[in-house]
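Engineer: Pasting in a structure now, in structure tokens, and then I'll have a few things to ask.
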Amino acid sequence: MGKEEIFSKLNIKDYNNQLENILEKKSFSEGTKNILLNILYKMETAYDDYNKVKLETNLKKDILEEIIQIIEKDCKEIELIKPKLNEKTKLGDKKFIAEKNKIISYPNEKTVFYGLYHIQDNKYIVKDKYKILKEPIEKLLNIGYIMDREEIIRDFDGWSWIIAYEEIENYIYNVIYQNIKILIGNKFLQEFIYNAQQNDFIEKFDKKINELYSEEISTKIEEEVYRISIIENIKSSKEKQKDLIREKANLEQELAKMDNKKEYLQELANNKKSIGKQIKEIDEIINNNRLLRENFAKENEGLKENEKIFSLSEYADKLQAKRKELLSDLKHYSTLMKPMNYVKSKFELKKKFNLLDGIDLSNNLEKQEDEIFIKLQINFLKALQEKIGKIETKRRIIDYIYLFRYYKLLYVNKDKQIKDLHEIKEQLIMAEKYLITRACNLKALNILSNNIEKNYEIIANILNSTIIDLDELNIEFKKKGEKVTLNIYDDNMIDRTIEFNEKIDLNVKFNKKIKLFN
């Protein structure tokens, strides 16, 4: 436990009283107020288990303060709808509706809680200059952030960890958000929630992932994350698909121009000359009253009555605005003509084109998304191995055992978890073997069998568990004739029993409870 977390626990506020004071000023019904107080209680109760299982989480005080702030600042109205037998409500098939400052929900903690996170403005903002990535990455990060926050109440009840997979809004976004979180850390993602306008997510994500992992792996991960986000954003919209097809053609055309450097630079020079001429004409008009009046009259001649420019001063302001725009364009073209900027511009253009060129924008997007998703998980696991290889302490390797267990149990659809994907099985086993080997070498795990392969197999089997506190997990081997059974205990209760039909060269005694972790 870090110093910051110890400090937060020693100085934790009475959040219940804080929320009660806020609710006194709200016009919510008593039933609604009770639901909101219950949400806070459930979050506080579930936090320790949630934090243990996920590893990469915010401090409890930050999570509780965040939900209180949403209730205080973002939520003005909560309308509770009682479900009626055989009758449709305004919710239809939905469990809640989140509008600006308003939630419509069935009267239960989960759906009101989900609604609270959906009424906020976007937490992540991608800069306009990233055009083709702006909307896709914003959606990925913001929906991923909401699902990440929902998890504390969705999957934890203060006693157990039960993944409510049917309530996950978007499986793809959820897995990729967790991929990013695991690879670059929760702290990195949090920086953007409160400084979204100032920070450049794409630039800093690129820098961070390249610092942490090998160039080949980090480049592939970036491309795969971006391509999946693009596909996810356009696959249900023919119009968006058409827009991207046009954008790709424009990028290809622009690249073709840049390939002929002499012609490209001449075109920029011509554009600069044309803009300079337009600025000179505007200056002449603004500085000559006769020309100003003549052009004002000409401008208004071709306009409908409701479109006419109201006054001469308004027309002069319009010319000044146009002049400012032209000066900006002139500066842009001058910048592009600099040798270093030419190389940089061409590189960035090529990068954008290659990103779109890796997707067949007019054919079977679902299948392509599945294929890229698998590639991403394989490269994620390779990157994770790089990270595991740098771990030097027992506590940190145990943290990664929890983290890896959490990753394996992420749902990719309503029927499958990461651990069930046969396409990544080889890489998953390789990464898990490496993790368990490192843990045994650092004396974090007890070695259960003298056979390396069998030792891995037994430990990996034990770790396919939703027991929250793996540190306290007890195991016991028993022998019945030629068969060996392994009992896994959660406290003093048997959670699971595993049977082995073959002979096992054990490194521990039969009929004796031991801990898996040292």
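Engineer: Run through the stretch 464-518 and list the chymotrypsin sites (Phe, Trp or Tyr not before Pro) located in a DSSP loop whose Cβ has at most 14 other Cβ atoms within 10 Å. Please report the intermediate quantities before stating the final value.
Structural biologist: Numbers: sites: Phe477, Tyr489, Phe500, Phe510, Phe517; in loops: Phe510.
Answer in residue order: Phe510.
Engineer: For the stretch 389-515, give the magnitude of the charge dipole about the Cα centre (Cβ charges: +1 Lys/Arg, -1 Asp/Glu; no others), in debye to the nearest 20. Can you show the working numbers first?
Structural biologist: Numbers: 24 positive and 20 negative charges, 67 e Å.
Using Cβ point charges on Lys, Arg, Asp and Glu, the stretch 389-515 gives about 320 debye.
Engineer: Among Ile467, Ile70, Leu384, pick out the residue whose Cα is farthest towards the positive end of the charge dipole of the chain, where Lys and Arg carry +1 and Asp and Glu carry -1 on C-beta, about the Cα centre.
Structural biologist: Of the candidates, Leu384 comes out farthest on the positive side.
Engineer: Another question, if that's okay. Give the label of the value calculated from the structure for Rg/Rh (Cα atoms, Kirkwood Rh), choosing from (i) 1.10; (ii) 0.97; (iii) 1.07.
Structural biologist: The value computed from this structure is option (iii).
Engineer: On to the next question. From the phi angles alone, apply the Karplus equation (6.51, -1.76, 1.60; θ = phi - 60°) to the stretch 359-369 and give each ³J(HN,Hα) in whole Hz, x where the residue is Gly or Pro.
Structural biologist: 10, 7, 5, 10, 8, 6, 5, 4, 5, 4, 4
Engineer: So what are the ³J(HN,Hα) numbers for the stretch 222-228, from phi and the Karplus equation (6.51, -1.76, 1.60; θ = phi - 60°), rounded to whole Hz, Gly and Pro as x?
Structural biologist: Each residue of the stretch 222-228 in turn: 4, 4, 5, 4, 5, 5, 5 Hz.
Engineer: Compute the long axis of helix 394-408 from its Cα atoms, compare it with the longest principal axis of the Cα atoms of the chain, and write down the angle in degrees, 0 to 90, nearest 10.
Structural biologist: On a 0 to 90 degree scale, this one is about 70.
Engineer: Here's another thing I want to ask about it. Within the stretch 241-327, report the chymotrypsin sites (Phe, Trp or Tyr not before Pro) that DSSP leaves as loop and that have at most 16 other Cβ atoms within 10 Å. Before the final figure, lay out the partial values.
Structural biologist: Numbers: sites: Tyr264, Phe296, Phe310, Tyr315; in loops: Phe310.
Counting only loop positions with at most 16 other Cβ atoms within 10 Å, the chymotrypsin sites (Phe, Trp or Tyr not before Pro) in the stretch 241-327 are Phe310.
Engineer: I would also like to ask the following. What does the charge dipole of the chain about its Cα centre add up to, to the nearest 20 debye, if the Cβ of each Lys and Arg holds +1 and the Cβ of each Asp and Glu holds -1? Before the final figure, lay out the partial values.
Structural biologist: Working: 94 positive and 92 negative charges, 183 e Å.
Using Cβ point charges on Lys, Arg, Asp and Glu, the chain gives about 880 debye.
Engineer: Further question on the same structure: So for the stretch 142-278, taking the charge dipole from beta-carbon charges (+1 Lys/Arg, -1 Asp/Glu), which of Trp159, Val175, Met258 sits furthest toward the positive end?
Structural biologist: It is Met258, whose Cα lies furthest towards the positive end.
Engineer: Something else now. Stretch Asp128-Ile429 to full length: gain in nm at 0.36 nm per residue minus the Cα-Cα span? Don't skip to the end; give the middle numbers.
Structural biologist: Working: separation 301, 0.36 × 301 = 108.36 nm, distance 4.09 nm.
Difference between extended and current length: 104.3 nm.
Engineer: With θ set to phi - 60° and the Karplus curve 6.51 cos²θ - 1.76 cosθ + 1.60, what are the ³J(HN,Hα) couplings of the stretch 28-42 in order, to the nearest whole Hz, using x for Gly and Pro?
Structural biologist: 6, 5, 4, x, 5, 4, 4, 4, 5, 5, 5, 4, 4, 4, 5
Engineer: May I pose another question? For all pairs of alpha-carbon atoms in the stretch 389-515, what percent lies in each bin of width 10 Å, listed from the first bin to the last filled one?
Structural biologist: Calculated P(r), rounded to whole percents: 11, 41, 37, 10, 0.
Engineer: Also, I was wondering about something else. Neighbour counts of other C-beta atoms within 10 Å: give me Met337, Met493 arranged from fewest to most. Let's see the in-between values first.
Structural biologist: Values: Met337 15, Met493 6.
The order, fewest Cβ neighbours first, is Met493, Met337.
Engineer: Shifting gears a bit: Which loop GluC sites (Glu not before Pro) in the stretch 319-408, with loop taken from DSSP, have no more than 15 other Cβ atoms within 10 angstrom of their Cβ? If you can, show how the numbers build up before the last one.
Structural biologist: Values: sites: Glu325, Glu348, Glu366, Glu369, Glu371, Glu386, Glu392; in loops: Glu392.
When the GluC sites (Glu not before Pro) of the stretch 319-408 are filtered for loop state and at most 15 Cβ neighbours within 10 Å, Glu392 remain.
Engineer: Using all C-alpha to C-alpha distances in the stretch 1-121, build P(r) with 10 Å bins and read off the rounded percent in each one.
Structural biologist: Taking all Cα pairs of the stretch 1-121, the binned fractions are 12, 41, 30, 14, 3, 0 percent.
Engineer: Another question, then. Rounded to whole Å, give me the distance from the Cα center of the stretch 121-153 to that of the stretch 444-518.
Structural biologist: 42
Engineer: Further, regarding this structure: Rank the residues Ile217, Ile70 as a footprinting-exposure proxy: fewest other Cβ atoms within 10 Å of their Cβ go first. Each step should come with its number before you reach the end.
Structural biologist: Numbers: Ile217 22, Ile70 17.
Going from least to most buried by this count: Ile70, Ile217.
Engineer: What is the gain in length, in nm to one decimal, between Glu299 and Val343 on full extension, counting 0.36 nm per residue of separation less the C-alpha to C-alpha distance? Present the calculation step by step, with values, prior to reporting the outcome.
Structural biologist: Details: separation 44, 0.36 × 44 = 15.84 nm, distance 4.17 nm.
Fully extending the segment from Glu299 to Val343 adds 11.7 nm.
Engineer: With each pseudo-label sitting 7 Å past Cα toward Cβ, what's the Ser29-Glu215 distance in nm, one decimal?
Structural biologist: 6.3
Engineer: Relative contact order for the chain using alpha-carbon pairs under 8 Å, separation at least 6, rounded to a whole percent?
Structural biologist: Numbers: 560 pairs, mean separation 64.5, N = 518.
12 percent.
Engineer: Label Glu281 and Leu265 with points 7 Å out from Cα along Cα→Cβ: what is the distance between them in nm?
Structural biologist: Taking the two extended label points, one gets 2.9 nm.
Engineer: A further question on this structure: Put one equal scatterer on each alpha carbon of the stretch 240-380, apply the Debye formula with no solvent term, and list log10 I(q)/I(0) at q = 0.10, 0.20 1/Å to two decimals.
Structural biologist: For the stretch 240-380, the Cα-only Debye profile gives -0.62, -1.12.
Engineer: Once you place label points 7 Å from the Cα toward the Cβ at Lys240 and Lys483, how far apart are they in nm?
Structural biologist: Reported label-point gap for Lys240 and Lys483 is 5.3 nm.
Engineer: Oh, and also: Using a simple charge model, +1 on the beta-carbon of Lys and Arg, -1 on the beta-carbon of Asp and Glu, nothing else, what dipole does the stretch 275-362 show about its Cα centre, in debye to the nearest 20?
Structural biologist: Values: 18 positive and 15 negative charges, 105 e Å.
Dipole magnitude for the stretch 275-362 comes out near 500 debye.
Values quoted throughout were computed directly from the atomic coordinates according to the rules given, and no laboratory measurement underlies them. Just so you know, these numbers come straight off a predicted model, no measurement behind them. Please note: Cβ atoms are built from the backbone with ideal geometry, for glycine as well, and neighbour counts cover all protein chains shown.
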